[in-house]
Amino acid sequence: MNEEFVRPDVRAFLDDINNRAGPKTYEVDPPAAREMSARLRVFADVDSPPITTREDLFIATHDGRSIPARFYDPRPERDEGPLVVFFHGGGFVLGDIELYDAAAADIAIGLDLPVLSIDYRLAPEHPWPAGPDDCEDATRWVAEQGMLFGRRFNALALCGDSGGGTLSIVTAMALRNHPAALPVIAIWPLYPAVDLRKRYPSTERLGEGYMLNLDTLRWFNGHYAPDFNHWRASPRLGDQRGMPPALVVTATLDPLLDQGRAYAMACIEAGVPVVYREAKGNIHGWLTLRRAIPSSEDDLRGCLTAFRMMIEEYRP
């Protein structure tokens, strides 16, 4: 590893992961990688918290399919207000609403807002742009409904981690270009990939030894098979003018660090209100590693405070 600042609990986790026997993600096929990801979550992620409302549903798409989703609310009822739409991570190949149940529920509790988690299609079975299509379809559908399980909504806030962070930006751009029935008032991309065309300095500097490595990034991109030059794959290449306020979050040991920084700067240069946070000494994926890396709880609390303030500034 390079001489980077690493938190003690992050160092202990990395030493454990790096010394484990067995294949790496990029050495197996996607079904096997998904099983490995599920096993990692068992010992690395926190338990799902109790929450007042946790309901599964299916969302109808424009072409007659259905997208699984899960709705969370820490309150049994509430007045009209914003809905948070969450897109899970996993490099567009891994992850689902089950593996992100704890994260989505904790976000709902921490924001004291309803959250809808979207189970979009994954590559390589469904390569790009299936994921962006599903996220846009689901977000437009809930905007058109205007309510779920007795709660009425007047606005949407989008968030997600890793590939889901990318999808939160791409979905917000799509709804800026062609508005939905409800406005998107804020986005929270957490360590997103925003430019798949090239390697940034952090990709080279942090591309080995910090869990997410160069070979895994290539593996994800190979299965996702996007048009790297299209804004729905590389949103940093698109025009950010007119985008909603953004909470952009990175981790200083993440190969995607410089991409997150570049996206925050693109938003600032486009006149978009931005709050930028870096989890110093932490790694990519910390949202679902909070049992193994307990200090990540502080990172999450800081993000929730910032995003809650951003949402509360909206006045319908």
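Could you list all residues from region 303-316 that are under 20 Å from Gly89 (Cα atoms) and either crowded, with 23+ Cβ neighbours inside 10 Å or not hydrophobic (A, V, I, L, M, F, W, C) (or both)?
Phe307
Out of (1) free of Cβ contacts under 8 Å to residues at least 24 places away in the same chain; (2) touching a Gly at 6+ places or on another chain (Cβ under 9 Å), the odd one out for Glu4 is which?
Going through (1) free of Cβ contacts under 8 Å to residues at least 24 places away in the same chain; (2) touching a Gly at 6+ places or on another chain (Cβ under 9 Å) one by one, Glu4 breaks only (1).
Among the listed residues Glu98, Glu77, Glu125, which satisfies the condition of being closer than 21 Å to Leu300 by Cα, of a type in the set (Asp, Glu), surrounded by fewer than 23 Cβ atoms within 10 Å (Cβ to Cβ) and at pLDDT 95 or above? First the steps, then the outcome.
Details: Glu77 fails: closer than 21 Å to Leu300 by Cα; Glu125 fails: closer than 21 Å to Leu300 by Cα.
The match here is Glu98.
Cβ-Cβ under 9 Å, sequence separation 6+ or interchain: first residue in region 237-265 and over 11 Å from Val194 (Cα atoms) and without any contact (Cβ under 8 Å) to a residue 60 or more places away in the chain, partner surrounded by 23 or more Cβ atoms within 10 Å (Cβ to Cβ) and among the polar types (S, T, N, Q). Which pairs?
Thr250/Gln259
Between Val10, Val42, which is part of a helix (DSSP H, G or I), loosely packed, with under 14 Cβ neighbours inside 10 Å and among the β-branched types (Val, Ile, Thr)? Don't jump to the end; show me each part of the working.
Details: Val10 fails: loosely packed, with under 14 Cβ neighbours inside 10 Å.
Within the list Val10, Val42, the selection yields Val42.
Of all residues in region 264-287, how many are touching a Ser or Thr at 6+ places or on another chain (Cβ under 9 Å) and not in a loop (DSSP other than H, G, I, E, B)?
7
Could you list, in sequence order, all residues of region 26-55 that are in contact (Cβ under 8 Å) with a residue 24 or more places away in the chain and closer than 21 Å to Tyr120 by Cα?
Pro30, Ala33, Arg34, Ser37, Ala38, Arg41, Ser48, Arg54, Glu55
How many residues are part of a helix (DSSP H, G or I) and out of contact with any helix residue (DSSP H, G or I) (no Cβ under 8 Å at 6 or more places or on another chain) when one looks only at region 106-132?
Filtering region 106-132 down to residues part of a helix (DSSP H, G or I) leaves 106-111, 130-132.
Then drop every residue that is not out of contact with any helix residue (DSSP H, G or I) (no Cβ under 8 Å at 6 or more places or on another chain), which leaves 108-109, 130.
Residues flagged as part of a helix (DSSP H, G or I) and out of contact with any helix residue (DSSP H, G or I) (no Cβ under 8 Å at 6 or more places or on another chain) within region 106-132 amount to 3.
Which condition number in (1) part of a helix (DSSP H, G or I); (2) over 20 Å from Ile283 (Cβ atoms); (3) over 20 Å from the mean Cα position of the chain (by Cα); (4) not hydrophobic (A, V, I, L, M, F, W, C) is the one that Asp215 fails?
(2)
Collect the residues in region 257-278 that are touching a strand residue (DSSP E or B) at 6+ places or on another chain (Cβ under 7 Å), over 17 Å from Ser162 (Cα atoms) and surrounded by fewer than 21 Cβ atoms within 10 Å (Cβ to Cβ), keeping them in residue-number order. Outline the logic, then answer.
Here is the first cut: in region 257-278, the residues touching a strand residue (DSSP E or B) at 6+ places or on another chain (Cβ under 7 Å) are 257, 260-261, 263-264, 267-268, 272, 274-278.
Add one more test, that the residue is over 17 Å from Ser162 (Cα atoms), and what stays is 267-268, 272, 274-275.
Matches in region 257-278: Ile268, Val272, Val274, Val275.
Filter region 133-175 for residues that are touching a Pro at 6+ places or on another chain (Cβ under 8 Å), surrounded by fewer than 24 Cβ atoms within 10 Å (Cβ to Cβ) and either among the polar types (S, T, N, Q) or assigned to a helix (DSSP H, G or I) (or both) and give the result.
Across region 133-175, the qualifying residues are Asn154, Met173, Ala174.
Looking only at region 56-65, which residues are without any contact (Cβ under 8 Å) to a residue 60 or more places away in the chain and within 21 Å of the chain's Cα centre (by Cα)? Even if it seems obvious, please write down each step before you answer.
Here is the first cut: in region 56-65, the residues without any contact (Cβ under 8 Å) to a residue 60 or more places away in the chain are 56, 58, 63-65.
Across region 56-65, the qualifying residues are Asp56, Phe58.
What number of residues within region 279-293 satisfy the criterion of being surrounded by fewer than 19 Cβ atoms within 10 Å (Cβ to Cβ) and closer than 26 Å to Ala108 by Cβ?
1
Scanning for something of a type outside the set (Ser, Thr, Tyr), part of a helix (DSSP H, G or I) and surrounded by fewer than 18 Cβ atoms within 10 Å (Cβ to Cβ), does region 233-246 turn up at least one residue? Write out each step before concluding.
Initially, region 233-246 is screened for residues of a type outside the set (Ser, Thr, Tyr), giving 233, 235-246.
Those left that are additionally part of a helix (DSSP H, G or I): 235-237.
After this cut, where a residue has to be surrounded by fewer than 18 Cβ atoms within 10 Å (Cβ to Cβ) as well, the list is 237.
The answer is yes, given that some residue of region 233-246 is of a type outside the set (Ser, Thr, Tyr), part of a helix (DSSP H, G or I) and surrounded by fewer than 18 Cβ atoms within 10 Å (Cβ to Cβ).
Among the residues that make up region 98-105, is at least one of them assigned to a loop (DSSP other than H, G, I, E, B) and either within 13 Å of the chain's Cα centre (by Cα) or aliphatic (A, V, I, L, M) (or both)? Full working, then the answer.
Pass one, region 98-105, residues assigned to a loop (DSSP other than H, G, I, E, B): 98-100.
The next check asks that each one be either within 13 Å of the chain's Cα centre (by Cα) or aliphatic (A, V, I, L, M) (or both); those that pass are 99-100.
Yes, region 98-105 contains at least one residue that is assigned to a loop (DSSP other than H, G, I, E, B) and either within 13 Å of the chain's Cα centre (by Cα) or aliphatic (A, V, I, L, M) (or both).
The values are calculated or read from the model by the stated rules, or taken from the named source; none is laboratory data. Quantities reported herein were computed from a predicted structural model and do not represent experimental measurements. Counting neighbours? That spans all protein chains shown, and the Cβs are built from the backbone with ideal geometry, glycine included.
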